[in-house]
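Below is one structure, written out as structure tokens; comments come after it.
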Amino acid sequence: MRPGRRPNAVNKVTTTAPSARAPMPARATSHQGAPIMREGEGSMSRRGRCTIEATPLPTGAPCVTLSAMATQRAGVPALDATPWAPPAAVGVVMKPFRSLAATDALARALECELRRWGVVYELVRTRGPGDATDLARRFLTDGADALVAVGGDGTVAEVLSALVGTGVPLGIVPRGTGNQLAMNLGIPKALPAAVAVALAAQPRPLDVGNLDDGRVCALNVGVGWAADLMLACPPEFKRRWGFAGYVAMTARLALRPRRRRFRVVADELEWVGDAATVLATNCPVLYVPGSPLRLRLAPDAAVDDGRFDLLVAAPRHGADAVNLLLRLARDGAEGDRRLWRARARTLTIEADPPAPVQRDGDPAGTTPLRLVVEPGAAHVRVPPAPPPPPA
């Protein structure tokens, strides 16, 4: 903020697309010490220009404030009195959201929240599959010390592919169809609360599964029924129908479960037989957004226990499949003979005939599949655990 200007004055800042990308600075501040903003191509409109309503911070104001009152208003529990140090330079990878107008509106709201935190940032939108990984690597090269993924489970997995082994934490702003990883981690969907967690919450180790093709998964990898569902719900379908489309397609496939011959090797254990689906998950619950329904796929699973939990489901017909889903929702179907469960660090799945594979909600080829778990290979910022109930 320049001397003589009122602290609460609103300035219009017009930016144009840079001809060449300069490396992201480790820290950028004004001459009075208040952080200044760096605009990226993610904030540009079709014409390559944008007008940003920027409200400068008052002189002498702290760069980051995370009071209990602010976080409670945002809809999440208050963070610790001494929160984790927010990053100095943040790279934001955002997947376009439905229409261009909705994407622009989300980008403006997101930039407003980032400016409130006083961090140096660059926001870039993805253009296609795999683009999020390339953008994340570019941010790391430019010197970003934290990344934020704005999208669903597939976008998060692509960004994590670049972060594995770097120690750079990832913040998640859930804006996808399912947002299963974010929901299992307790990350709120409300934008102010999600940004607060993404920037200032303490990172938690996250196990990732490495696939043969070099990609990683953080949520789950599935073969058979689980992958058939993803193939039946392409991006256009998800944009139009949202998670309700998933539910309808799940019911349709459940009434006609297709059984295949599988050979599954989980560490030293082996299972061979006919089944409808094989799922290796890093999270305990599959949520149905907008409803209290949740499938307890692996009640004992944890994202940082060094293993993926394996679930082989073998319903005999449609009514049997529906009954199994209801049992998973009610009590996790513990002891059910239609299920085979295991926990493993190395997993191999073969199918006859070859079956489609899905990784974190996106198609990932066909079997055979080999997955190796890398414990704690990534770090994700998550809300603090709620305090224990009083004795």
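Just so you know, all these numbers are worked out from the coordinates, no wet-lab data involved. Everything numeric in this text was worked out from a predicted model, so none of it was measured. Every residue, glycine as well, gets a Cβ built from its backbone with ideal geometry; the counts of neighbours run over all protein chains shown.
See the values below:
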| quantity | calculated |
| --- | --- |
| Residues residue 98 and residue 274, FRET efficiency given R0 of 25 Å [Cβ-Cβ distance, rounded to 0.05] | 0.05 |
| Of the chymotrypsin sites (Phe, Trp or Tyr not before Pro) in region 109-217, those whose Cβ has at most 16 other Cβ within 10 Å and which sit in DSSP loop | none |
| Ellipsoid equivalent to region 254-391 - semi-axes via the Cα gyration tensor, in Å | 26, 21, 14 |
| Fully extended contour minus Cα-Cα distance, from residue 352 to residue 294, at 0.36 nm per residue | 17.8 nm |
| Sparse-neighbourhood loop sites, trypsin sites (Lys or Arg not before Pro) in region 125-204 - DSSP loop, at most 15 other Cβ within 10 angstrom | 127, 189 |
| Label-point gap, in nm, between residue 137 and residue 105 - each point 7 angstrom along Cα→Cβ | 3.6 nm |
| 12 Å beta-carbon shell around residue 375, net charge (K/R +1, D/E -1) | -2 |
| Residue 189 paired with residue 326, simple spin-label distance in nm, labels 7 Å along Cα-to-beta-carbon | 2.7 nm |
| For residue 376, distant residues with modelled amide H under 5 Å away | 206, 207, 208, 306 |
| Distance between modelled label sites at residue 305 and residue 334, nm, 7 Å Cα→Cβ extension | 1.3 nm |
| Isotropically averaged projected area of region 93-237, using the convex hull of Cα atoms (one quarter of hull area), nm² | 8.9 nm² |
| Nearest-20 debye value, region 313-391 charge dipole, Cβ charges on Lys, Arg, Asp, Glu | 180 debye |
| Relative contact order of region 216-376, pairs being alpha-carbon contacts under 8 Å that are 6 or more residues apart, as % | 29 percent |
| Sequence-distant residues sharing a close amide H with residue 364 (under 5 Å, placed H) | 357, 358, 359 |
